[in-house]
Amino acid sequence: MSVLVIGGAGYVGSVVVERLAKTGRKTVVLDNLSTGHREAVEPHVTFVEGDAANADLLEHLMREFRVQSVMHFCALSLVPESVERPLAYYDNNVRSGIGLLAAMKRCEVGMFIFSSSAAVFGEPAENPIADDAPSRPSSPYGHTKAMFEQILRDCSHAEKIRSVSLRYFNAAGATDKYGEDHSPESHLIPIVLDVAMGRREAVGVFGRDYPTPDGTCIRDYIHVSDLADAHVRALEALEKGGETTAYNLGIGHGFSVFDVIRAAEEIACRKIPMIDRPRRPGDPACLVASSERIREHLHWHPQVVDLRRIIDSAWKWKQAHPNGYAQKSKEHGESPDIAVS
Ligand code: UFG
């Protein structure tokens, strides 16, 4: 019996695979490496290079590895890009996902963990955002995640696929081995750290006229290890017969863009230059999670709730990997266990 992790070579996926390996579960990673990295997959885990939209491949893997549960990380996930290219987002995040569920049904795989997002809430009426707050996405990206959550609720009984949707707030930080390497990078913490390393000149601050105490946006940064812990707990709950549900995942405390920059300055012991930029389309002023439901149901409690510790882990990873994963992959010529064109 094994867990199929789709998108397991990406940022959050790689850390979840690392955690799954520690639980002793047989894990198989499927990733097309469009944004993921081969070196981000635990060396002893079976890695298959291929596309999540390839139904034949999915069926083959589910049968070959006697897959019992699926974790689904692969998605397009940039809010501004989703406004520009909505069809690509609906195609990738919804249509491919339906194909995956259909393959699961054919193979009688009945447990599914879904990477959802705070974006399902859009601009929330109040913070912290409760698990059952109304879903009112304000971007095509948010709509794709909300739609897929609905599809999962509908599939629960009718298609016999039980699922947990985990709504990440702002995933951040790194483990000793695995960290954040996007190309191009758009997320605040890695950009701020690039500036600290002298790889960029300044960080653009996207709006300082928001209705927040210092005028910049507030986000709930959650350490990627705490996200990984939530995935394993969610899987265990399904394995014990748990029903379909959704959980918000954040530490319950928000930090502004200026808070992040100041904390990074302390950690890196250097000044981080900033430039004022216009607001970025689709950015809500404040997103902070109430994660009451997962705390209560699965006894999940985030272990890293100090912003400086979160940023420090990312800083250490960046210093150890100044070129991200790219340099290493070229040097080592890593290859998949199974490659599918
Ligand atoms: N920001 C800047 N300058 C930058 C980058 C970001 O000021 O160079 C600001 C953003 O405007 C935002 C905050 O920093 O206010 C955090 O931005 P990120 O891009 O790091 O993260 P987001 O909150 O935009 O996005 C995250 C996830 C998305 C998810 C979204 C939910 O990465 O996948 O939360 O709203 F959709």
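Nothing in this text is a laboratory measurement; each read-out follows from the coordinates by a stated rule. None of these values were measured; they are calculated from a predicted model. With ideal geometry, Cβ positions are generated from the backbone for all residues, glycine too; neighbour counts draw on all protein chains shown.
For the chain, dividing the convex hull volume of the Cα atoms by the residue count gives 125 Å³ per residue.
How high is the relative contact order of the range 18-159, in percent, counting Cα pairs under 8 Å that sit 6 or more residues apart?
Numbers: 166 pairs, mean separation 31.4, N = 142.
The value is 22 percent.
A Förster distance of 56 Å, applied to the separation of the beta-carbon atoms of H299 and D276, puts the FRET efficiency at 0.80. Amide H to amide H, with H built 1.01 Å from N, V67 comes under 5 Å of S2, counting only residues 5 or more places away or on other chains. With all pairs of separate Cα atoms included, the range 35-81 yields a Kirkwood hydrodynamic radius of 12.8 Å.
Count Lys and Arg as plus one, Asp and Glu as minus one, and take only other residues whose Cβ is under 11 Å from that of R200; the net charge is then -2.
The spacing between the range 22-68 and the range 153-211, judged by their C-alpha centroids, is 22 Å.
With Cα atoms as the point set, the range 168-223 shows a radius of gyration and Dmax of 12.8, 38 Å. Helix 224-239 and the long axis of the chain differ in direction by around 30°, with both axes built from C-alpha atoms.
Kindly identify the range 45-175 as rounded, prolate or oblate by the Cα gyration tensor criterion: order the square roots of the eigenvalues as a ≥ b ≥ c, call it rounded if a/c is under 1.5, otherwise compare a/b with b/c, prolate if a/b is larger, else oblate.
Numbers: a/c = 1.80, a/b = 1.59, b/c = 1.13.
Taking the square roots of the gyration eigenvalues as a ≥ b ≥ c, the range 45-175 is prolate.
Based on Cα contacts under 8 Å between residues 6+ apart, the range 112-264 shows a relative contact order of 29 percent. 3J(HN,Hα) along the range 87-101, derived from phi through the Karplus expression 6.51 cos²θ - 1.76 cosθ + 1.60 where θ = phi - 60°, amounts to 4, 4, 5, 5, 5, 6, 7, 10, 4, 5, x, 5, x, 5, 5 Hz, with x in place of Gly and Pro. Computed from backbone phi with θ = phi - 60° and the Karplus coefficients 6.51, -1.76 and 1.60, the 3J(HN,Hα) list for the range 146-155 is 5, 4, 5, 4, 5, 4, 5, 4, 5, 6 Hz; x is used for glycine and proline.
Counting only Cα atoms, the size of the range 160-265 along its three principal axes is 51, 35, 21 Å, in decreasing order.
Cross-link list K22/K160; K26/K240; K105/K177; K26/K316; K26/K145: which exceed 26 angstrom alpha carbon to alpha carbon? Write out the running numbers ahead of the final one.
On the way: K22/K160 29 Å; K26/K240 18 Å; K105/K177 35 Å; K26/K316 29 Å; K26/K145 28 Å.
Going by Cα-Cα distance, K22/K160; K105/K177; K26/K316; K26/K145 fall outside the 26 Å limit.
Pairs of Cα atoms nearer than 8 Å and 6+ residues apart set the relative contact order; for the chain it is 21 percent.
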